[in-house]
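*Asks:* Questions regarding the structure given below will be posed in turn.
The values are calculated or read from the model by the stated rules, or taken from the named source; none is laboratory data. Keep in mind the model is a prediction, meaning the values are calculated, not measured. Heads up, the Cβs are rebuilt from the backbone with ideal geometry, glycines too, and the neighbour counts pull from every protein chain shown.
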Amino acid sequence: MGLTIKAHGKINLTLDVLSRRPDGYHDVEMIMQSIALHDTLRIEDQEEEIMLTAAGQPVSIDEDNLIIKAARLLQQQTGTQRGAKIHLQKEIPVAAGLAGGSTDAAATLRGLNELWQLGLSRKQLMELGVRLGADVPFCLLGGTAIARGIGEELTPLPAAPNFGVVLVKPAFGVSTAAVYRGLNVASLRQHPRTNSMVDALRFGQLSAVADELGNVLESVTLGLYPELQEIKETLTEVGCQGVLMSGSGPTIFGLTEDAAAAIKLARQLALPNCKVVATAMV
Ligand SMILES: C[C@@](CO)(OP(=O)(O)O)[C@H](O)COP(=O)(O)OP(=O)(O)OC[C@H]1O[C@@H](n2ccc(N)nc2=O)[C@H](O)[C@@H]1O
Ligand SMILES: Nc1ncnc2c1ncn2[C@@H]1O[C@H](COP(=O)(O)OP(=O)(O)O)[C@@H](O)[C@H]1O
């Protein structure tokens, strides 16, 4: 018996950091948005052992892969004797700010809960998921949502318009931990307006959504990699209405009216050493 599951990436339409916690994590307030770009997991039931293979974007398939971590966590928590053979078709760029690892972990939890007939609720899966990564609970929920706490306190929002999204991922990745470490919360002078973005999304006008985009982590990652500023300018020049870094970066995204416009604009981009993907909000 087996299952095929889509694991969608995300972008952050807003990302605010409120404070540093004693455990080193940060309290955030962000509007998360699923995108059509996804990895695909094929999961087959087997006795005991967890096995992982992968194709597509290069990613480690060792014990540090979040798919294996998610499967082992579920085994430990439920005491099941079941195992799984998992194949990952990796399409989401790695260490990109698109939650590629978190979404694979979320898909593994969902898939194995079904395949092993564990009967865990989504809330229970989210409580386990946050132990694997702060973005895992959102990846279990999907759609559009406000995330608070370290990212695990979620308020779902009405479905946002299916704006097109052009993603530009430079050849390098960034460490999320290093970006948060580089942030001095007290020195932040500007914060995204979460409520205004909620209103803009409800109103559904791209120009209003574009005006409210904001990510306080940009100051850190753009400081480390000034070439990201050039990518932002290029996306604006070709006609993207709103342009922002996703998460801790380094992926820069630009919004368009729809997926067709994103495909058209992506074709015009000549950005050496960058991966360009046209997708949409879902
Ligand atoms: C920045 C964001 C925005 O959505 O996304 P990405 O850039 O990773 O996609 C998230 O906050 C990242 O979520 P995720 O990547 O799941 O984080 P984790 O694996 O739990 O944490 C990696 C490291 O980031 C730091 N971290 C993460 C979340 C948070 N609220 N505060 C933090 O300080 C911690 O140092 C932690 O050790
Ligand atoms: N299934 C996976 N897919 C992608 N990255 C993974 C996976 N499992 C573990 N990782 C590791 O997680 C780290 C963060 O990758 P990723 O989740 O893609 O980026 P981000 O946190 O910026 O959204 C990388 O160092 C990567 O090696």
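*Asks:* If only one of VAL198, VAL238 is under 30 Å from ARG21 (Cα atoms) and of a type outside the set (Gly, Ala, Ser), which one is it?
*Replies:* Working: VAL238 fails: under 30 Å from ARG21 (Cα atoms).
Among VAL198, VAL238, only VAL198 is under 30 Å from ARG21 (Cα atoms) and of a type outside the set (Gly, Ala, Ser).
*Asks:* Further question: Quick check on my filter: what residues within the stretch 64-81 are outside any helix (DSSP H, G or I) and closer than 12 Å to LEU125 by Cα?
*Replies:* Of the stretch 64-81, the ones outside any helix (DSSP H, G or I) are 64-65, 79-81.
None; the set is empty.
*Asks:* On to the next question. Among the residues that make up the stretch 72-80, is at least one of them touching an Asp or Glu at 6+ places or on another chain (Cβ under 9 Å) and crowded, with 19+ Cβ neighbours inside 10 Å?
*Replies:* no
*Asks:* Tally time: how many residues in the stretch 129-160 are aliphatic (A, V, I, L, M) and assigned to a strand (DSSP E or B)? Give the steps one after another, and end with the answer.
*Replies:* Narrowing the stretch 129-160 to residues aliphatic (A, V, I, L, M): 130, 132, 134, 136, 140-141, 145-147, 150, 154, 157, 159-160.
Filter once more, keeping what is assigned to a strand (DSSP E or B): 145-147, 154.
Of the residues in the stretch 129-160, 4 are aliphatic (A, V, I, L, M) and assigned to a strand (DSSP E or B).
*Asks:* Additional query: I'd like the full set of residues that are more than 16 Å from ligand 1 (Cβ to nearest atom), assigned to a helix (DSSP H, G or I) and in contact with a strand residue (DSSP E or B) (Cβ under 6 Å, 6 or more places away or on another chain), limited to the stretch 210-251.
*Replies:* Hits for the stretch 210-251 are ALA210, ILE231, LYS232, LEU235, THR236.
Rundown of residues vs (1) of a type in the set (A, V, I, L, M); (2) within 18 Å of ALA95 (Cα to Cα); (3) in the same structural domain as GLY100 (by TED's automatic domain parsing); (4) without any contact (Cβ under 8 Å) to a residue 24 or more places away in the chain, yes/no style:
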| site | (1), (2), (3), (4) |
| --- | --- |
| GLN190 | no, no, no, no |
| LEU201 | yes, no, no, no |
| ASN215 | no, yes, no, no |
| THR221 | no, yes, no, no |
| TYR225 | no, yes, no, no |
| GLY242 | no, no, no, no |
| ILE252 | yes, yes, no, no |
| ALA262 | yes, no, no, no |
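*Asks:* In the stretch 254-282, which residue that is out of contact with any helix residue (DSSP H, G or I) (no Cβ under 8 Å at 6 or more places or on another chain) and part of a strand (DSSP E or B) is nearest to GLU218 (Cα to Cα)?
*Replies:* LYS275
*Asks:* Next up: Hey, among ARG189, ARG202, which residue is surrounded by fewer than 15 Cβ atoms within 10 Å (Cβ to Cβ), modelled with pLDDT under 95 and either not charged (D, E, K, R) or not in a strand (DSSP E or B) (or both)? Please lay out each step first, then the result.
*Replies:* Values: ARG202 fails: modelled with pLDDT under 95.
The unique qualifying residue is ARG189.
*Asks:* If you don't mind, there's one more thing I want to ask. Filter the stretch 182-221 down to the residues that are under 25 Å from GLY239 (Cβ atoms) and touching a Lys or Arg at 6+ places or on another chain (Cβ under 7 Å) and list them by number.
*Replies:* The one that is under 25 Å from GLY239 (Cβ atoms) and touching a Lys or Arg at 6+ places or on another chain (Cβ under 7 Å): GLU212.
*Asks:* So for the stretch 163-183 (the condition being β-branched (Val, Ile, Thr) and part of a helix (DSSP H, G or I)), does at least one residue qualify?
*Replies:* Here is the first cut: in the stretch 163-183, the ones β-branched (Val, Ile, Thr) are 165-166, 168, 174, 176, 179.
From what is left, the residues that are part of a helix (DSSP H, G or I) are 176, 179.
Taking every residue of the stretch 163-183 in turn, at least one turns out to be β-branched (Val, Ile, Thr) and part of a helix (DSSP H, G or I).
*Asks:* Here is a further query. Show the residue pairs meeting these rules: Cβ distance below 8 Å; 6+ apart or different chains; first residue within the stretch 33-49 and among the small types (Gly, Ala, Ser); second residue assigned to a strand (DSSP E or B) and surrounded by fewer than 17 Cβ atoms within 10 Å (Cβ to Cβ).
*Replies:* none
*Asks:* Kindly establish whether VAL94 is over 18 Å from GLU152 (Cβ atoms), in the same structural domain as LEU118 (by TED's automatic domain parsing) and not small (Gly, Ala, Ser). Explain how you work it out, then say what you get.
*Replies:* Numbers: over 18 Å from GLU152 (Cβ atoms): yes; in the same structural domain as LEU118 (by TED's automatic domain parsing): yes; not small (Gly, Ala, Ser): yes.
For VAL94, the condition - over 18 Å from GLU152 (Cβ atoms), in the same structural domain as LEU118 (by TED's automatic domain parsing) and not small (Gly, Ala, Ser) - is met.
*Asks:* Do you know which residues across the stretch 166-199 are among the hydrophobic types (A, V, I, L, M, F, W, C) and under 22 Å from MET281 (Cβ atoms)?
*Replies:* Within the stretch 166-199, VAL166, LEU167, VAL168, MET197, VAL198 meet the criteria.
*Asks:* Right, LYS264: under 15 Å from ILE11 (Cβ atoms) and of a type in the set (Lys, Arg) or not?
*Replies:* Working: under 15 Å from ILE11 (Cβ atoms): no; of a type in the set (Lys, Arg): yes.
It is false that LYS264 is under 15 Å from ILE11 (Cβ atoms) and of a type in the set (Lys, Arg).
*Asks:* Restricted to the stretch 149-191, and to residues that are among the hydroxyl-bearing types (Ser, Thr, Tyr) and within 13 Å of ligand 1 (Cβ to nearest atom), which residue is farthest from PRO250 (Cα to Cα)?
*Replies:* Going through the stretch 149-191, the residues among the hydroxyl-bearing types (Ser, Thr, Tyr) turn out to be 155, 175-176, 180, 187.
Within this subset, residues satisfying the condition of being within 13 Å of ligand 1 (Cβ to nearest atom) are 175-176, 180.
On the way: SER175: 9, THR176: 10, TYR180: 13 Å.
Here the answer is TYR180.
*Asks:* If you don't mind, there's one more thing I want to ask. Filter the stretch 1-49 for residues that are farther than 25 Å from LEU217 by Cα and of a type in the set (A, V, I, L, M, F, W, C); which is farthest from ligand 1 (Cβ to nearest atom)? Outline the logic, then answer.
*Replies:* From the stretch 1-49, those farther than 25 Å from LEU217 by Cα are 1-6, 39-49; that's our starting set.
Narrowing the set further to residues that are of a type in the set (A, V, I, L, M, F, W, C) leaves 1, 3, 5, 41, 43.
Numbers: MET1: 30, LEU3: 24, ILE5: 19, LEU41: 18, ILE43: 21 Å.
The extreme case among them is MET1.
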